[in-house]
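The values are calculated or read from the model by the stated rules, or taken from the named source; none is laboratory data. The shown structure was predicted, so the numbers you read here are calculated from the model rather than taken from an experiment. Methodologically, a virtual Cβ is constructed for each residue, glycine included, from the backbone with ideal geometry; neighbour enumeration extends over all protein chains shown. For the accessible areas, the whole protein counts, side chains as well, though only heavy atoms, and no ligand, DNA or RNA atoms are used. Shrake-Rupley method; radii C 1.70, N 1.55, O 1.52, S 1.80 Å.
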Amino acid sequence: MNIHEYQAKAIFNDSGVKVVKGIHCTSVDEALNAYDELNSDVVAVKSQIHAGGRGKGVLYDPKTNDLIMEGGVKIAFSKEEVGLYASSIIGKKLVTKQTGKEGKIVNNLYIESGCNISHEYYLALLIDREAKSVLIMGSTEGGVDIEEVAEKTPEAIHKIWADPLKGLESEDVVMFADSLGLKGKSKDELVEMVNALYAMFLERDCSMIEINPLVKSESGEIIALDGKVSFDDNADFRHPWRNNLRDLTEEEEVEIRANNYGLSYVKLDGNIGCLVNGAGLAMASMDVIKLYGSEPANFLDIGGGATRESITAAFEIILEDENVEGILVNIFGGIIQCDMVANSVIEASKEIGLDVPLVVRFSGTNHIEGTEILNKSDLNVYTATTLAEGAEKIVNLTRRGN
Amino acid sequence: MSIWVDENSKILIQGITGKQGTFHGTRMIEYNTNVVGGVTPGKGGQKLNFSGREITVYDSMQEAIARTGADVSVIYVPARFASAAIVEAANAFQENGGGLIVCITEGIPILDMVTAVANVKKCPDVRLIGPNCPGIITPRENGGCKVGIMPGFIHAKGRIGIVSKSGTLTYEAVAQTMSVGEGQSTCVGIGGDPVNGTGFIDCLQAFENDNQTEAIVLIGEIGGTAEEEAAEWASKNMSKPIVGFVAGSTAPPGKRMGHAGAIISGGKGTAEEKFAAFEKAGIYVARDPSEIGNVLIKALEDTGRK
């Protein structure tokens, strides 16, 4: 789960991570009041969406697609400018390199006091899969794309790892601050911030915290000027407060609906719908469809606990996608029994009036019974014994009209 | 031989009185797996009947191991308690001559696994497989040793070792070996979580040292760099041929594909990179999982094993 910058900064503030004062707004009026309340000559007017690259993003009118403004983060020097920028952002569509061309409608703004920057850094905490511990990563090259820095000047990136049982070693954190070239008060503040962020990472079950830029102010203060925080969904059960931070408009509605049925669904751009048990097999099914010359319309794992109800929901979700011209069902029965899936497929297709070609491949538990049930039914369904045969069949069937 | 489990392994089931523990415990016994007991805190002393066999429930791993001499534990405990079950098992095995822990549970918080894996590392005689995996199976003539949730009947004893991040895709690989007349020495599901115990390299090394295994099928998926590291390691250390497949060539970047670890992030962890690493390391690549059988035959023929 991801949250907005303004929410991340509230958590930073609670966790002892220094930020500048800011106010969350959802309208132009609120933005104007925020300017008065902040009482700062200069303020930043920041679009709040979950995708990155906001500063270099472009705002469009969501209806006409006319260009409204370049830059989703603006520095305002007067109340008039705050009004101008806020009205050019709220309700508009922001396209960044991370949103795709469809962009995101901006419903939230963050008005933040100005800050005299002397240098911009990068700081992140994340899980290092290979080291199996929390990695703290910093760079003297802040405010830019970190992947670019990693590629062009890898020596500018510094890393330390926390010991999962002992925690962060204080000499490591001091060395980390040294490697970023910080001295005196700034060095002390960075050490304090890294320790505070690590504590927050553990306490809140984060999967990532990224601050880009982290800044040194002209008076030497170390301040988190941006904040991107992701939480580990597996730990939701011990963090009920997360519900209040969730912005459903940032999530795919259909993916949430699928989740409620125990399905794992991701929409893609192709024309062949897939219904598969198991994440690895679901990906492999997509890959094989592509090998036979078509594109998968979705990833869909029905999971080990699938029922007739969830399989019907899966068909409905696949068919909501107008691009779907055919469906491949690929089940390797383990816990799931193919005959149960066969009966569910028949009932689901009757219930929703399936009108695209359907190929079913069964293997594993009760696959003979399952295939027999389908072949004996009056359902217009093709059966296959291998994944390759199934993929080839559905690709050919959907090509007939072309 | 086979690796890590066989007909002599003595197996405990942690979470045996739960729905998963009961269901899969029964299937394990039906496959002739030597289940010697179970653990559910607070339910010690209960006697369960699994498919005609009486199974005793113990309150703790320490007690269960002391009473049964078990050397393997399989965990069907719910996600929020699973990492504690891993650590309990690790400490108990370490004090009693060592053992293997197989954690089936899906959805364990990642920081819980970071801590659990670090605790297991402190126990040099303990190995952890999983979590979020189908388990490990060594097929024999009549059933065998099935420690997990895979369907036993699709397997047969043979000379192919299988290691995979996936569940059902592992079964697909098993079916592929069967389709070309080959059986399996041991199949290991290492799981699809970003932080887990045993990795690809541990499995490859064990298969290399196992005299029953003559070739290996390795099934990876997008996310992380475990496949690349395994390929690099294999090119220097493996004499037996490996057939490799990676799921997720068509997965879009930045989207989690079911498994917590299956995500291309920052342009890293793509199937293409992994296939390229396989090819560079001399691994026999199957681009289509339905071709794993045929590629395996070629690998066996090329190396004079068929």
Query raised in the report: Out of (1) free of Cβ contacts under 8 Å to residues at least 60 places away in the same chain; (2) under 18 Å from A:His24 (Cα atoms), what's the single condition that is false for A:Pro62?
Result: (2)
Query raised in the report: Hey, does segment A:222-242 have a residue that's aromatic (Phe, Trp, Tyr), over 30 Å from B:Pro151 (Cα atoms) and without any contact (Cβ under 8 Å) to a residue 24 or more places away in the chain?
Result: yes
Query raised in the report: Looking at segment A:149-261, what helices (runs of 4 or more DSSP H) fall wholly within it and have at least 2 residues that are under 30 Å from A:Gly114 (Cα atoms) and among the hydrophobic types (A, V, I, L, M, F, W, C)?
Result: A:170-179, A:184-203
Report task. Look through A:Gly71, A:Gly22, A:Gly83, A:Gly57 and report the one residue that is crowded, with 16+ Cβ neighbours inside 10 Å and on the phi > 0 side of the Ramachandran plot. Result -> A:Gly71
Report task. Take A:Ile327 and decide whether it is touching a Lys or Arg at 6+ places or on another chain (Cβ under 8 Å) and touching a residue at least 40 places away in the same chain (Cβ under 8 Å). Result -> no
Query raised in the report: Within the bounds of segment A:368-377, is there any residue that is open to solvent by less than 20 Å² (accessible area, probe 1.4 Å), in contact with a Cys (Cβ under 9 Å, 6 or more places away or on another chain) and either charged (D, E, K, R) or more than 29 Å from B:Ile263 (Cβ to Cβ) (or both)?
Result: yes
Query - Residues satisfying the stated conditions in segment A:105-132, i.e. without any contact (Cβ under 8 Å) to a residue 60 or more places away in the chain, surrounded by fewer than 19 Cβ atoms within 10 Å (Cβ to Cβ) and not charged (D, E, K, R) - result: A:Ala131
Query raised in the report: Any residue in segment B:139-149 that is within 14 Å of another protein chain (Cβ to nearest Cβ), within 17 Å of B:Asp202 (Cβ to Cβ) and either charged (D, E, K, R) or in contact with a Ser or Thr (Cβ under 9 Å, 6 or more places away or on another chain) (or both)?
Result: no
Query - Filtered residue count, segment A:278-319, keeping only those that are under 23 Å from B:Gln20 (Cα atoms), at the interface with chain B (Cβ under 8 Å from one of its Cβ atoms) and not charged (D, E, K, R) - result: 5
**Report entry** Matching strands (runs of 3 or more DSSP E) fully within segment A:1-76 where at least 1 residues are closer than 23 Å to A:Trp241 by Cβ and not basic (Lys, Arg)
**Finding:** A:22-25, A:43-48
Report summary line: Out of (1) free of Cβ contacts under 8 Å to residues at least 12 places away in the same chain; (2) over 18 Å from A:Ala224 (Cβ atoms), the one A:Gly57 does not meet is (1)
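Listed here are the residues, each with its yes/no results for (1) of a type in the set (Phe, Trp, Tyr); (2) touching a helix residue (DSSP H, G or I) at 6+ places or on another chain (Cβ under 7 Å); (3) open to solvent by 10 Å² or more (accessible area, probe 1.4 Å); (4) at positive phi.
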{"residue": "B:Gln14", "(1), (2), (3), (4)": "no, yes, no, no"}
{"residue": "B:Asn32", "(1), (2), (3), (4)": "no, no, yes, yes"}
{"residue": "B:Pro41", "(1), (2), (3), (4)": "no, no, yes, no"}
{"residue": "B:Gln46", "(1), (2), (3), (4)": "no, no, yes, no"}
{"residue": "B:Ser51", "(1), (2), (3), (4)": "no, yes, yes, yes"}
{"residue": "B:Thr56", "(1), (2), (3), (4)": "no, no, yes, no"}
{"residue": "B:Val72", "(1), (2), (3), (4)": "no, no, no, no"}
{"residue": "B:Gln94", "(1), (2), (3), (4)": "no, no, yes, no"}
{"residue": "B:Gly107", "(1), (2), (3), (4)": "no, yes, yes, yes"}
Query - Index of the failed condition, B:Gly158 passing every other in (1) modelled with pLDDT of 95 or more; (2) within 14 Å of chain A (Cβ to nearest Cβ) - result: (2)
Query raised in the report: If you take the residues in segment B:223-278 that are in contact with a Ser or Thr (Cβ under 6 Å, 6 or more places away or on another chain) and facing chain A (nearest Cβ under 9 Å), which one is least open to solvent (accessible area, probe 1.4 Å)?
Result: B:Ala271
Requested in this report: Restrict the check to segment A:345-364 and report whether at least one residue is closer than 23 Å to B:Cys133 by Cα, open to solvent by 30 Å² or more (accessible area, probe 1.4 Å) and in contact with a Cys (Cβ under 7 Å, 6 or more places away or on another chain).
Outcome: no
**Report entry** Residue that is nearest to the other protein chains (Cβ to nearest Cβ) [pool: residues in segment A:320-334 that are in a loop (DSSP other than H, G, I, E, B) and open to solvent by 70 Å² or more (accessible area, probe 1.4 Å)]
**Finding:** A:Asn323
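Yes or no, residue by residue, for (1) within 10 Å of chain B (Cβ to nearest Cβ); (2) at pLDDT 95 or above; (3) closer than 30 Å to A:Tyr110 by Cβ:
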position: A:Val194; (1), (2), (3): no, yes, yes
position: A:Ala224; (1), (2), (3): no, yes, yes
position: A:Asp232; (1), (2), (3): yes, yes, yes
position: A:Asn271; (1), (2), (3): no, yes, no
**Report entry** Those helices (runs of 4 or more DSSP H) lying entirely in segment B:1-103 with at least 3 residues closer than 25 Å to B:Val195 by Cα
**Finding:** B:19-30, B:79-95
Query raised in the report: If you go through segment A:93-104 one residue at a time, how many are in a loop (DSSP other than H, G, I, E, B) and open to solvent by 40 Å² or more (accessible area, probe 1.4 Å)?
Result: 4
Report task. Give the residues of segment B:279-306 that are within 14 Å of chain A (Cβ to nearest Cβ), open to solvent by 20 Å² or more (accessible area, probe 1.4 Å), among the β-branched types (Val, Ile, Thr) and part of a helix (DSSP H, G or I), sorted by residue number. Result -> B:Val295
Report summary line: Only unsatisfied item for A:Ile256, checking (1) more than 10 Å from every other protein chain (Cβ to nearest Cβ); (2) at pLDDT 95 or above, is (2)
**Report entry** Failed condition for B:Ala66, given (1) open to solvent by 30 Å² or more (accessible area, probe 1.4 Å); (2) within 14 Å of chain A (Cβ to nearest Cβ); (3) more than 26 Å from B:Pro151 (Cα to Cα)
**Finding:** (2)
